[in-house]
1. Where in region 1-64 are there chymotrypsin sites (Phe, Trp or Tyr not before Pro) that are in a DSSP coil and have at most 12 other Cβ atoms within 10 angstrom of their Cβ?
2. Find the relative contact order for region 1-128 and round it to a whole percent, using C-alpha pairs within less than 8 Å whose residues are 6+ positions apart.
3. For Val106, put the label point 7 Å out on the Cα→Cβ axis and report which residues of region 23-67 keep their amide N under 16 Å from it.
4. Tell me the GluC sites (Glu not before Pro) within region 98-156 that lie in a loop according to DSSP and have at most 15 other beta-carbon atoms within 10 Å.
5. Percent of accessible area on the chain owned by carbon and sulfur, 1.4 Å probe?
6. What are the ³J(HN,Hα) values, in whole Hz, obtained from phi via the Karplus relation 6.51 cos²θ - 1.76 cosθ + 1.60 with θ = phi - 60°, for each residue of region 53-59 in sequence order, with x given for Gly and Pro?
7. For the Cα atoms of the chain, what angle does the longest principal axis make with the long axis of helix 110-125, in degrees from 0 to 90, nearest 10?
8. Scanning the chain for trypsin sites (Lys or Arg not before Pro) in DSSP loops with at most 16 other Cβ atoms within 10 Å, what's the longest stretch left with none?
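The values are calculated or read from the model by the stated rules, or taken from the named source; none is laboratory data. Source: prediction; values computed, not measured. In this analysis, Cβ positions are derived from the backbone assuming ideal geometry, glycine residues included, and neighbour counts consider all displayed protein chains. Each accessible area value is taken on the protein alone, full model and side chains, heavy atoms only, with ligands, DNA and RNA left out. Shrake-Rupley method; radii C 1.70, N 1.55, O 1.52, S 1.80 Å.
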Amino acid sequence: MRRKDREVVDHDKIMNVIKNCHCCRLGFYDCGDVYIVPLNFGVVGDIDSLTLYFHGAFEGRKAELIKKNPSVGFEMDRGYELQTANVPCGYSAKFESIIGTGKVSVVEDFVEKVDGLTSVMKQATGKSDWEFNEKMVNGVCVFKLEVESLSCKEHL
């Protein structure tokens, strides 16, 4: 990271940023193109063993890319606020952001699918006491990103 003064290394602070984001953008490589998808997500684990869960359709470009190449990049951010100035070079922005890489795969295990869906709902609503029936769980594709590397940056 070029701006070391903006790097966040404290694990608790990084997890706080992640747990307060509402959208995770996954970047897939697609035969020379990059395909970026904004998604709701859930978090399981901590910085040393972090897994992000998502849900979606069983078909489509994203589903095909998950099968084709599991290596992805991801980004999430929060608190963006434009800081104005009298000259163009004086403009800046406040923000906190996470970027990283990992491997994505489809979750087949029923219990893990429920856990993944619960984590997605907890991230979105703050509640974790959801119940999912078999039809709901079997009707949605749950996939996970096992994070291999990440960095956190802030400008407050």
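1. Values: sites: Phe28, Tyr29, Tyr35, Phe41, Tyr53, Phe54, Phe58; in loops: Phe41, Phe58.
Sparse-neighbourhood loop chymotrypsin sites (Phe, Trp or Tyr not before Pro): Phe58.
2. Values: 188 pairs, mean separation 34.3, N = 128.
Across region 1-128, relative contact order equals 27 percent.
3. 54-67
4. Values: sites: Glu108, Glu112, Glu131, Glu134, Glu146, Glu148, Glu154; in loops: Glu108, Glu131.
Answer by residue number: Glu108, Glu131.
5. Numbers: 4650 of 9240 Å².
In the chain, the share of accessible area belonging to carbon and sulfur is 50 percent.
6. Karplus values, whole Hz, x for Gly and Pro: 10, 9, 9, x, 7, 6, 10.
7. Taking the Cα atoms of the chain, the angle to 110-125 is about 40 degrees.
8. Working: sites that count: Arg2, Arg3, Lys127.
Longest site-free region, per DSSP loop and neighbour criteria: 4-126.
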